[in-house]
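The values are calculated or read from the model by the stated rules, or taken from the named source; none is laboratory data. For clarity, every value in this text was computed on a predicted model and none was experimentally measured. Cβ placement follows ideal geometry from the backbone for every residue including glycine, while neighbour counts extend to all protein chains displayed.
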Amino acid sequence: MIPHRLLSILYGLGLVACASAIPITEQQVLSDLDSEHRIESSRRLSGRFLHITDPHLDTHYKPGTSVDQVCHRGKGSAGSLGAEGTECDTPLALVDETFRWIEKNLKGQIDFVLWTGDSARHDNDERIPRTASEIIDLNEVLATKFIDVFEDRGAPRGLSIPIIPTIGNNDIMPHNIFKEGPNRWTKRFTEIWHKFIPEHQRHTFEEGGWFSAELIPNKLAAISLNTMYFYESNSAVDGCAAKSEPGFEHMEWLRIQLELLRGRGMKAILIGHVPPARAGAKRSWDESCWQKYTLFLNRFRDVVVGSVYGHMNIDHFMLQDSHAVDIIAAGESTNEPQLTVQSRSSYLSSLRSDWAGMPSPPDDMSSKFFFSDDWNSDEQGDSVDASSEAMGKKERRFLKKIGGPWAERYSLSLVSPSLVPNYFPTLRIVEYNITGLEDVTTWADAPYSDDSFESFTWDAEDIDSDDVDQQKKNSKKGKKGKKGKKNKKNKKRPQFKIPDHPSPTAPPGPAYSDQALTWLSYAQYYANLTMIYDPTAEPQSLSASPSTIEDNETTAGHIHLYQVEYDTRDDSIYNMKDLTVRSYYKLAKRISNKNPKKADMVTDHTGDDESSEAAKNNQKKKKHRNRVWRTFLERAFVGFLSDDELDDIQR
């Protein structure tokens, strides 16, 4: 419900019940079934899940205050549903209306929720410093809202679907600093999230702030990572190299979880708050943690379906390159420049530069070969079956470089934009393949048992380093070094167990080839607050044009809060057939192309209003821009930036 103190403001703006969204239209991924039918059908998988991140709830937010005073005091333009494009946090009204929209449009239409942290406001007001009890209270508010929406008293666990949370860097105090567990935060979050964390995992969570839970019984699990132990800005810990560090223990736990799932024939989704950002010299994780993470994703590529993160507020993705893994360096502490959220534009440009350095397919290589499932290569990439005889040496060499026809050299991490309106508030609905899973027992109907997910213990001092895989190292330095140095380096063995590759007879995992549990598409929803406050306002960018959003005019006291910004299922710019690694690899190469193909090109015309002679002279000044890169930037900032601001980034 909207707080009484906000009612007068909302009435004044015609927004008093703005979260009662209209039925989902045909352009959106969900159907317009009535609520009763949705609830009745909720016992079958829908093939969709919700990712929500960075709510940053601020109960001190006051509409009509100054954005320079973080919307806490003074007189200014702070809107009732948030101050878009500012450093103000999220008012309770926006949280209330968001959950009302979720209940009306998503209840009974999604299979689980991934909630990737930062529910508490920033500590950005010296006059109202945060307290530990406030942080706990804000997280309890969000947890209660999830429970209220998805409560099902007839289900064994009391909820209709699983909700998987994770700890954000602002969900603790002081922010960023998270000491080795158990600590007061792991203990309190164990209490707050007791309905979300399986009972047999609560001890594990209290020890370190991480846990695993089944999403689809015996088919799919979620692994909630505590990225605070990987985060470069957490000065209370020191990476993942030393056995005494919680990051080392966390990585060992992750490895064992993935091994258990592989043994059970199950798949996993990884979630965390701070993503493994690594572009140019910028780092958000300690290098030893990034090295292990990338190594594990490569070795468990038959198990991991995908991973989602938040924290950075910008919509983008990252590809981890297993060839960048140095197994020795993964066991040694390193210091790298950290990534700051203040450098988002340069970070995206660095990502683009890194993508440009990835192997490029030969110019004459038909995309039908790269993206066809009708052929395969062996583990070394030296031979292909008869269906690919039309390919030459260049094509085969390219496929070998990227890890075969499914680009298994790489792994993928998706980063969703935030609910807090640093740009515009957002939600993401991901669609996944449920072929063959239509009649499986759902999470809500599965008997509740502490034995449903195998538990384990281990002693970090007894890690078997004799089980180290001795195949050639991926480090370029190791490959190119002098023979004497290389032999000396090979004698040094990492102090952690290196997982096995998938069985050579195993098919590619769901992250690489379309099959059951493969992510197929996502619909990015956003609330264009500028147009909600003023329906006559001009959209700020191409992605927020009137052709892609619905009429924002209020009807009987209601507005259309969340609209589809873009949907990868029918997006003509990204043109992705699915969300597999190789689809993102192709997209990354298109984004990074400085000389795009005609279909990916936008030409800036100059001198259109000048004399014909001047226009002729200026013809040479035309700039050929990559429209995929341009669209990527627009979407990174949720359609908030103007064309001029985007031009500044592109330069």
| request: Scan region 325-337 residue by residue and report those that are surrounded by fewer than 16 Cβ atoms within 10 Å (Cβ to Cβ) and either under 29 Å from residue 648 (Cα atoms) or at pLDDT 85 or above (or both). | output: 336, 337
| In this structure, does residue 154 turn out to be on the phi > 0 side of the Ramachandran plot and modelled with pLDDT under 95? | no
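Suppose we filter 307, 244 for residues that are outside any helix (DSSP H, G or I), without any contact (Cβ under 8 Å) to a residue 40 or more places away in the chain and either buried (at least 20 other Cβ atoms within 10 Å of the Cβ) or in contact with a helix residue (DSSP H, G or I) (Cβ under 9 Å, 6 or more places away or on another chain) (or both); which single one remains?
On the way: 307 fails: without any contact (Cβ under 8 Å) to a residue 40 or more places away in the chain.
244 is the lone residue from the list that is outside any helix (DSSP H, G or I), without any contact (Cβ under 8 Å) to a residue 40 or more places away in the chain and either buried (at least 20 other Cβ atoms within 10 Å of the Cβ) or in contact with a helix residue (DSSP H, G or I) (Cβ under 9 Å, 6 or more places away or on another chain) (or both).
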| query | When both residues are 6+ apart or on different chains and their Cβ atoms are under 6 Å apart, which pairs have a first residue that lies in region 64-76 and is within 20 Å of residue 130 (Cβ to Cβ), and a second that is at pLDDT 95 or above and basic (Lys, Arg)? | reply | 65/73
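Could you list, in sequence order, all residues of region 115-144 that are hydrophobic (A, V, I, L, M, F, W, C) and closer than 27 Å to residue 212 by Cα? Break it down into steps so the answer makes sense when it comes.
First, pick out the residues of region 115-144 that are hydrophobic (A, V, I, L, M, F, W, C): 115, 120, 128, 132, 135-136, 138, 141-143.
If the condition is that a residue be hydrophobic (A, V, I, L, M, F, W, C) and closer than 27 Å to residue 212 by Cα, then 115, 120, 132, 135, 136, 138, 141, 142, 143 are the ones that fit.
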| query | Within region 153-185, how many residues are surrounded by 16 or more Cβ atoms within 10 Å (Cβ to Cβ) and more than 26 Å from residue 275 (Cα to Cα)? | reply | 4
| remark: Within region 75-98, the residues that are surrounded by fewer than 19 Cβ atoms within 10 Å (Cβ to Cβ) and either touching a Gly at 6+ places or on another chain (Cβ under 9 Å) or within 30 Å of residue 216 (Cβ to Cβ) (or both) are 75, 76, 77
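Do we find a residue being within 27 Å of the chain's Cα centre (by Cα), modelled with pLDDT of 95 or more, not polar (S, T, N, Q) and not in a helix (DSSP H, G or I) anywhere in region 72-82?
At the first step, the residues of region 72-82 found to be within 27 Å of the chain's Cα centre (by Cα) are 81-82.
Going one step further and asking which of them are modelled with pLDDT of 95 or more, we end up with 81-82.
Then drop every residue that is not not polar (S, T, N, Q), which leaves 81-82.
From what is left, the residues that are not in a helix (DSSP H, G or I) are 81-82.
Yes.
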| said: Please pick out the residue among 323, 273 that is in a loop (DSSP other than H, G, I, E, B) and either touching a Lys or Arg at 6+ places or on another chain (Cβ under 7 Å) or over 25 Å from residue 513 (Cα atoms) (or both). | reply: 273
| task | Could you please let me know if residue 58 is surrounded by 18 or more Cβ atoms within 10 Å (Cβ to Cβ), modelled with pLDDT of 95 or more and under 25 Å from residue 639 (Cβ atoms)? | result | yes
| field | Unique match (being modelled with pLDDT of 55 or more, surrounded by fewer than 17 Cβ atoms within 10 Å (Cβ to Cβ), among the polar types (S, T, N, Q) and in a helix (DSSP H, G or I)) among 345, 349, 353, 360 | value | 353
| All but one of (1) under 30 Å from residue 399 (Cβ atoms); (2) touching a helix residue (DSSP H, G or I) at 6+ places or on another chain (Cβ under 9 Å); (3) at pLDDT 95 or above hold for residue 637; which doesn't? | (1)
| task | Output the number of residues of region 228-260 satisfying the condition of being in contact with a Pro (Cβ under 8 Å, 6 or more places away or on another chain) and of a type outside the set (Lys, Arg). | result | 5
| Odd one out for residue 600, checked against (1) crowded, with 19+ Cβ neighbours inside 10 Å; (2) modelled with pLDDT under 90; (3) farther than 28 Å from residue 511 by Cα | (3)
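Taking region 190-214 on its own, how many of its residues are in contact (Cβ under 8 Å) with a residue 40 or more places away in the chain and in a loop (DSSP other than H, G, I, E, B)? Quick ask: steps written out before the conclusion?
If we filter region 190-214 for residues that are in contact (Cβ under 8 Å) with a residue 40 or more places away in the chain, which is where we start, we get 192-193, 195-196, 198-201, 204, 208-210, 212-214.
Right, trim to in a loop (DSSP other than H, G, I, E, B) and you get 193, 195-196, 198, 209-210.
Going through region 190-214 one residue at a time, the tally reaches 6.
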| note | Checked against (1) outside any helix (DSSP H, G or I); (2) in contact with a helix residue (DSSP H, G or I) (Cβ under 8 Å, 6 or more places away or on another chain), residue 233 satisfies every condition except (2)
| Taking the condition among the charged types (D, E, K, R) and in contact with a strand residue (DSSP E or B) (Cβ under 7 Å, 6 or more places away or on another chain), does residue 195 pass? | yes
| field | Where residue 217 falls short, out of the listed (1) in contact (Cβ under 8 Å) with a residue 12 or more places away in the chain; (2) more than 25 Å from residue 433 (Cα to Cα) | value | (2)
| Considering region 116-152 alone, what residues qualify as being assigned to a loop (DSSP other than H, G, I, E, B) and without any contact (Cβ under 8 Å) to a residue 12 or more places away in the chain? | 126, 129
| field | Unmet requirement for residue 428, which otherwise passes all of (1) at pLDDT 70 or above; (2) in contact with a helix residue (DSSP H, G or I) (Cβ under 7 Å, 6 or more places away or on another chain); (3) surrounded by fewer than 22 Cβ atoms within 10 Å (Cβ to Cβ) | value | (2)
| field | All positions within region 38-80 that are hydrophobic (A, V, I, L, M, F, W, C) and out of contact with any strand residue (DSSP E or B) (no Cβ under 9 Å at 6 or more places or on another chain) | value | 39, 67, 70, 71, 78
